[in-house]
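Enquirer: Structure incoming, see below.
The values are calculated or read from the model by the stated rules, or taken from the named source; none is laboratory data. From a predicted model like this one, the values you see are computed outputs, not experimental measurements. As a convention, Cβ positions derive from the backbone with ideal geometry for all residues, glycine included, and neighbour counts pool all protein chains shown. Only protein heavy atoms, including side chains, enter the accessible area calculation; ligands, DNA and RNA are left aside. Shrake-Rupley method; radii C 1.70, N 1.55, O 1.52, S 1.80 Å.
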Amino acid sequence: MSAGTVVLVGTVLFAAGCSSGGTGLKDEGPARTDSVSRTGPPPAPEPHASSGQSARTATPSARPTLTKIDPIALLKADPKVSADIKRELKPCTGKDYPVDVSYGKVTGGEAVDIVVNVLSCADALGRGSYVYRSEGGRYENVFSDEQPPVYAEIDRGDLVVTKPVYAKTDALAYPSGEDVITYGWSGERFTEQDRVYTEYSNVDGGAQPAPAVTQKN
């Protein structure tokens with residue numbers, strides 16, 4: 001009988017933790033992009049090879065090797081990152097910086113792209129989102145959004161940016177709605193492909209709490 005194939009599916013990400021502040025927001029804030037792995041069920045065994053035939057042996061697929069970067073050094077060296085963001089690039093506690101980093105392909109190239117989200121220590125809301133593309137052995141900033149709150153993710157090859165929407169009377173913890181914007185890579189830059197606005201209900205006497213950004217599988 002042939003050996004079963006085990007497939008490892010994973011997203012190699014890492015995140016820096018932040019302490020909660022007294023803003024009334026949910027303690028969890030944006031979802032941490034910790035690495036996630038799943039093991040799928042092995043396929044059904046093949047029938048015994050007939051006489052004169054050898055059974056095929058399946059080879060497990062290997063997870064590609066990723067070269068991790070120092071996101072703090074990358075942001076501080078980037079002239080496209082604002083001085084305000086750079087000033088706030090300090091550890092929340094100990095050596096934990098308020099930065100989430102995702103590795104994946106979002107610009108259609110052979111190399112892995114990097115998505116960096118800078119958060120606030122007090123309430124873990126997104127202060128800035130950036131996409132870096134590998135160009136000639138160095139990383140080039142090909143997308144920036146520094147209009148908080150903002151959080152960017154890679155979703156099946158697209159860049160998805162989530163932005164809570166506030167009315168003038170909304171508290172920070174209770175936006176009126178949310179924009180989810182999908183960007184596609186056009187070969188030289190990102191262009192908006194889709195935008196979905198969700199308006200929160202006031203059934204309970206107030207707007208919905210600002211949603212945590214959930215990791216997409």
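Enquirer: Can you tell me which of Asp123, Asp113 is closer than 23 Å to Ala171 by Cα and among the charged types (D, E, K, R)? Reasoning before the result, please.
Expert: On the way: Asp113 fails: closer than 23 Å to Ala171 by Cα.
Criteria check complete, one pass: Asp123.
Enquirer: Also, I was wondering about something else. Using the structure shown, decide if Gly137 is out of contact with any helix residue (DSSP H, G or I) (no Cβ under 8 Å at 6 or more places or on another chain) and either of a type outside the set (A, V, I, L, M) or modelled with pLDDT under 95 (or both). Before you say what the answer is, go through the steps one by one.
Expert: Details: out of contact with any helix residue (DSSP H, G or I) (no Cβ under 8 Å at 6 or more places or on another chain): yes; either of a type outside the set (A, V, I, L, M) or modelled with pLDDT under 95 (or both): yes.
Yes.
Enquirer: Please identify the pairs in which a residue from the range 166-182 that is outside any strand (DSSP E or B) has its Cβ atom under 9 Å from the Cβ atom of a residue that is charged (D, E, K, R) and open to solvent by 70 Å² or more (accessible area, probe 1.4 Å), counting only partners at least 6 apart or on another chain.
Expert: Ala173/Lys26; Ser176/Glu199
Enquirer: A further question on this structure: Residues being in contact with a Lys or Arg (Cβ under 8 Å, 6 or more places away or on another chain) and either farther than 22 Å from Gly184 by Cβ or not aromatic (Phe, Trp, Tyr) (or both): count how many of those fall in the range 102-113.
Expert: Looking only at the range 102-113, we keep the residues that are in contact with a Lys or Arg (Cβ under 8 Å, 6 or more places away or on another chain), and these are 103, 107, 109, 111-113.
Now narrow it down to the ones that are either farther than 22 Å from Gly184 by Cβ or not aromatic (Phe, Trp, Tyr) (or both): 107, 109, 111-113.
Looking only at that region, the number is 5.
Enquirer: Check the range 183-198 and report whether any residue there is open to solvent by less than 30 Å² (accessible area, probe 1.4 Å), modelled with pLDDT under 95 and not small (Gly, Ala, Ser). Steps first, please.
Expert: Residues of the range 183-198 open to solvent by less than 30 Å² (accessible area, probe 1.4 Å): 184, 190.
With the extra rule that they be modelled with pLDDT under 95, the set shrinks to none.
No, that holds for no residue.
Enquirer: In the range 153-165, how many are open to solvent by less than 20 Å² (accessible area, probe 1.4 Å) and free of Cβ contacts under 8 Å to residues at least 40 places away in the same chain?
Expert: Total meeting the criteria: 1.
Enquirer: Let me ask something else about it. Just the residues that are surrounded by fewer than 13 Cβ atoms within 10 Å (Cβ to Cβ) and modelled with pLDDT of 95 or more, please, taken from the range 85-99. I'd like the intermediate steps shown before the answer.
Expert: First pass over the range 85-99, keeping only residues surrounded by fewer than 13 Cβ atoms within 10 Å (Cβ to Cβ): 87, 90, 93-95.
The answer is none; no residue qualifies.
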